[in-house]
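These notes are about the structure you will find just below.
Please treat every number below as a calculation from the coordinates, not as lab data. Quick caveat: nothing in here was measured; it's all calculated off a predicted structure. Neighbour counts run over all protein chains shown; Cβ positions are idealised from the backbone, glycine included.
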Amino acid sequence: MSFEKDWREDAKRAAVEQALKRIRDGQIVGLGSGSTAAYAIRELGKRIATEGLNVLGIPTSYQSMFLAIESGIRLTTLNENPEIDIAIDGADQVSRDLNLIKGGGAALTREKIIDSAAKDLLIVVDETKIAAILDHPVPLEIFPIALQTSSKRIQQLGGKPILRQSLGKVGPVITDNNNFIIDVDFGVIKEPGNLENKLKTIPGIVETGLFLDMATEVYVGNKTTVHVLRKSII
Ligand code: 5RP
């Protein structure tokens, strides 16, 4: 592994360690998806095994469900426990005002449902994910029959959609909900709230990877330390 990759993995792990200190006995915990969330799930499993921590997890994907089972985390559902105490998740990009782009792992719909049900959403990233303003392509989960119609509407909004291709099968990625993912380049997103509202009116868009005003804290790992960004309360 190159040094560049190496420090990012260490930074993610260090940030996860800090964030996990927020988890208390008796809590319902939302379990995010992706490589950083996977570190968090494994670490939570270790705390359960070593400290006897008593928590229930709600997974945001098949990835996090299987990893939680393997890590000894007891699971529940949002229907049994609609209020989550704390969720820990990764992100593809984080702006200085703590808006997020998520969906690199195609789990954005379940992530948004579960993360938004959490009283506190802790995001864990390495510092390469921090940006002054959002400009990462926005993943959108699309109902398959609406691929062409919704793509056309997205282009009319100035976006350049690309159907995400699978690495483990031929053809497009199929999400945990049996839908497609398109990654849409909108350039610099000056008004993410406005874009989100417009995308939400397009029939066939199941969910967007814009996670606005949701994160409570962002744990950012760099080469030497971890710092925490918090939403400023005006
Ligand atoms: C999955 C996600 C992930 O949290 C996001 O892609 C970050 O992943 P990683 O921690 O592997 O960089 O949104 O849908």
Problem set entry | Within the chain: Cβ-based charge dipole about Cα centre, in debye rounded to nearest 20 (Lys, Arg +1; Asp, Glu -1) | 280 debye
For this session: Using all C-alpha to C-alpha distances in the chain, build P(r) with 10 Å bins and read off the rounded percent in each one.
Result: 8, 32, 36, 20, 4, 0
Seminar exercise, completed: Given backbone amide H placed at 1.01 Å from N, residues whose amide H is under 5 Å from that of Ala91, ignoring those fewer than 5 places away on the same chain, are Val124
Problem set entry | trypsin sites (Lys or Arg not before Pro) restricted to DSSP loop in the stretch 12-62 with at most 10 other C-beta within 10 Å | Lys21
Problem set entry | DSSP-assigned coil residues among GluC sites (Glu not before Pro) in the stretch 68-135, each with at most 16 further Cβ atoms within 10 Å | Glu80, Glu83
Exercise. Helix 3-20 versus the longest principal axis of the chain: what angle, 0 to 90°, nearest 10, using Cα atoms?
Worked result: 60 degrees
Exercise. Which of Leu134, Leu75, Ile145 sits closest to the plus end of the dipole of the chain, meaning its Cα is farthest towards the positive end, when Lys and Arg get +1 and Asp and Glu get -1 on the C-beta?
Worked result: Ile145
Seminar exercise, completed: Log10 I(q)/I(0) at q = 0.14, 0.21 Å⁻¹ for the stretch 1-117, from Debye over equal alpha-carbon scatterers, is -0.55, -1.22
Seminar exercise, completed: Rounded to the nearest 500, the 222 nm mean residue ellipticity computed for the chain from DSSP H runs (n ≥ 4, each -39500 (n - 2.57)) alone is -9500 deg cm²/dmol
Problem set entry | Options Ala40, Leu212, Thr225, ranked by Cα towards positive dipole end of the chain, top entry (Cβ charges) | Leu212
Seminar exercise, completed: In the stretch 138-208, taking the dipole from +1 charges on Lys and Arg beta carbons and -1 charges on Asp and Glu beta carbons about the Cα centre, the listed residue (Asn179, Gln165, Gln155) farthest towards the positive end is Gln155
Seminar exercise, completed: With DSSP loop assignment and no more than 16 other C-beta atoms within 10 Å, the trypsin sites (Lys or Arg not before Pro) in the stretch 89-145 are Arg96
Exercise. When we measure straight from the Cα of Lys200, which lysines land under 30 angstrom away, once same-chain ones fewer than 8 places off are left out?
Worked result: Lys102, Lys112, Lys119, Lys129, Lys152, Lys160, Lys169, Lys190, Lys231
Seminar exercise, completed: Long-range alpha-carbon pairs in the stretch 53-133, meaning those over 14 Å apart, account in percent for 65 percent
Exercise. Expressed in nm to one decimal, what extension gain is obtained for the pair Ile69 and Thr216 from 0.36 nm per residue of sequence separation less their Cα-Cα distance?
Worked result: 50.2 nm
Problem set entry | Computed magnitude of the charge dipole of the stretch 138-208 (debye, nearest 20; Cβ of K, R +1, Cβ of D, E -1) | 240 debye
For this session: Report the semi-axes of the equivalent ellipsoid for the stretch 114-161 in whole Å, largest first, where each axis is √(5λ) for an eigenvalue λ of the Cα gyration tensor.
Result: 28, 17, 9
Problem set entry | Solvent-free Debye scattering, log10 I(q)/I(0), computed from the Cα coordinates of the stretch 12-72 at q = 0.20, 0.28, 0.29 Å⁻¹ | -0.68, -1.35, -1.43
Exercise. Which residues' amide hydrogens lie under 5 Å from the amide hydrogen of Val206, considering only partners 5 or more residues apart or on another chain, with H built in the peptide plane?
Worked result: Glu141, Ile142, Phe143
For this session: Could you please state, rounded to a whole Å, how far the C-alpha centre of the stretch 164-189 is from the C-alpha centre of the stretch 7-26?
Result: 29 Å
Seminar exercise, completed: Between Glu9 and Ile145, the FRET efficiency computed from the C-beta separation at R0 = 30 Å comes out, to the nearest 0.05, as 0.15
Seminar exercise, completed: If one compares the long axis through the Cα atoms of helix 35-51 with the longest principal axis of the Cα atoms of the chain, the angle in degrees, nearest 10, works out at 20 degrees
For this session: Give, rounded to the nearest 20 debye, the magnitude of the charge dipole that the stretch 74-199 has about its Cα centre when Lys and Arg contribute +1 at Cβ and Asp and Glu contribute -1 at Cβ.
Result: 560 debye
For this session: Write down the Kirkwood hydrodynamic radius of the stretch 138-208, to one decimal in angstroms, obtained as one divided by the mean of 1/r over all alpha carbon pairs.
Result: 12.3 Å
Exercise. Cα convex hull of the stretch 103-234: mean projected area in nm², to one decimal?
Worked result: 9.4 nm²
